[in-house]
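Data block below; observations after.
No lab work stands behind these numbers, since they all come straight from the coordinates. Computed from a predicted structure; not experimentally measured. As a convention, Cβ positions derive from the backbone with ideal geometry for all residues, glycine included, and neighbour counts pool all protein chains shown.
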Amino acid sequence: MVRVNCHVHSTESDGELEPREIVEMAVDEGLTHICFTDHFRMPKDVNDYRDERKHLDSYYEELNLLRREFFGKVKVLIGVELDWLEGYEKWFVEELGDRNYDFVLGSVHWLRDATGRMNRPHFPKGGLEVFGGERAFIELYLKEIRKMIEFGLIDCVAHLDVFRERLEGNEVLDNDWYREEVLDLLKLMESKGIALEFNCAGWGILGEQFPQRWIIEKAVDMGIGVTVGNDFHKLKHGSLDMGIDQAFEMLREIGCSEVLVFRGRKSEGLRI
Ligand SMILES: [Zn+2]
Ligand SMILES: [Zn+2]
């Protein structure tokens, strides 16, 4: 049986476990595939993470060694989570260099609010006046997702509606304008061959996966590929396989017969 986690953070970014500990845990938990998606560093003028996000060559060498060492036990894939920022397209391309990533997961973790400051779409709760209110905030977030897709360097959109963490409730999402904007995004993803992530971390935060079920249903209906991951950072938030089986169960219910993993930036369908 296939059990995959395609969204995992190690000590190379903001996770608490070393890559080796994660791979050993993946074997213990019976995962068949694990894809590292440590956050890539950010332009220093936006956020200087110093040593927290090094992404040194030694990290890639280590992951490659682990891939070979654990061959036959768990498939180790080497990805990266890219924090999209408009205006830094060239920077990303240059900094990512010629490393042979298997998978590039695209995320919007930063938004420029109306005061010009960088602000997170998923933290802290509330305080959306700086964006001009709830609707303006959501529209800005979705617009950034669109730009990131159009940029084209990514294989998959991570936690598409993670902005829900800042909302007081889901009522605003019942509006037609929201539904239409999301559908437009899905159409764009479909036309560009970009996958959608089923992110289990939402269960621990909001009691519901990211994105909402209707979005996953629509994506499956449109033939958009789906990856599954739980955004593993720390054990106190859940195990490395937290939510994976439930995600597969929901996908099967929806009528999705395969999930994607990426190898050398090419998708591979795994029957579920
Ligand atoms: Zn993320
Ligand atoms: Zn992540």
Mind running the shape call on region 216-272? Use the C-alpha gyration tensor, a ≥ b ≥ c as the square roots of the eigenvalues: rounded below 1.5 for a/c, prolate if a/b tops b/c, oblate otherwise.
oblate
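Kindly identify region 91-243 as rounded, prolate or oblate by the Cα gyration tensor criterion: order the square roots of the eigenvalues as a ≥ b ≥ c, call it rounded if a/c is under 1.5, otherwise compare a/b with b/c, prolate if a/b is larger, else oblate.
Values: a/c = 1.22, a/b = 1.16, b/c = 1.05.
In terms of gyration-tensor shape, rounded.
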Other-chain or far-sequence residues with amide H under 5 Å of Cys6's (modelled H):
Cys35, Val228, Gly229, Asn230
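Can you compute the helix-only [θ] at 222 nm over the chain? Use -39500 (n - 2.57) per DSSP H run of at least 4 residues, normalise by all residues, nearest 500 deg cm²/dmol. Don't skip to the answer; put the middle values down first.
Numbers: 8 runs with 93 residues, N = 272.
Per the formula, -10500 deg cm²/dmol.
To the nearest 20 debye, what is the magnitude of the charge dipole of region 47-135 about its Cα centre, counting +1 on the Cβ of each Lys and Arg and -1 on the Cβ of each Asp and Glu? Before the final figure, lay out the partial values.
Working: 14 positive and 18 negative charges, 68 e Å.
Dipole about the Cα centre, nearest 20: 320 debye.
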Value of relative contact order over the chain, rounded to a whole percent, pairs C-alpha under 8 Å and six or more apart:
20 percent
Span from the region 34-62 Cα centroid across to the region 120-153 one, whole angstrom
23 Å
About its Cα centre, how strong a charge dipole does region 4-271 have in debye, to the nearest 20, once Lys and Arg get +1 and Asp and Glu get -1 at the Cβ?
360 debye
In whole Hz, what ³J(HN,Hα) sequence does region 184-199 give by Karplus (6.51, -1.76, 1.60; θ = phi - 60°), x for Gly and Pro?
4, 4, 4, 4, 5, 4, 4, 5, 9, x, 9, 7, 10, 8, 8, 9
When a/c reaches 1.5 or more, the comparison of a/b and b/c decides; with that in mind, is the chain rounded, prolate or oblate per its Cα gyration tensor?
oblate
Do the alpha carbons of any pairs in Lys218/Lys266; Lys125/Lys266; Lys143/Lys266; Lys44/Lys266; Lys54/Lys236; Lys90/Lys192 sit beyond 29 Å of each other, and which pairs?
Lys125/Lys266; Lys44/Lys266
Along region 129-142, Karplus-curve 3J(HN,Hα) (6.51, -1.76, 1.60; θ = phi - 60°) to the nearest Hz, with x for Gly and Pro, reads 4, 5, 9, x, x, 4, 5, 4, 4, 5, 5, 5, 4, 5
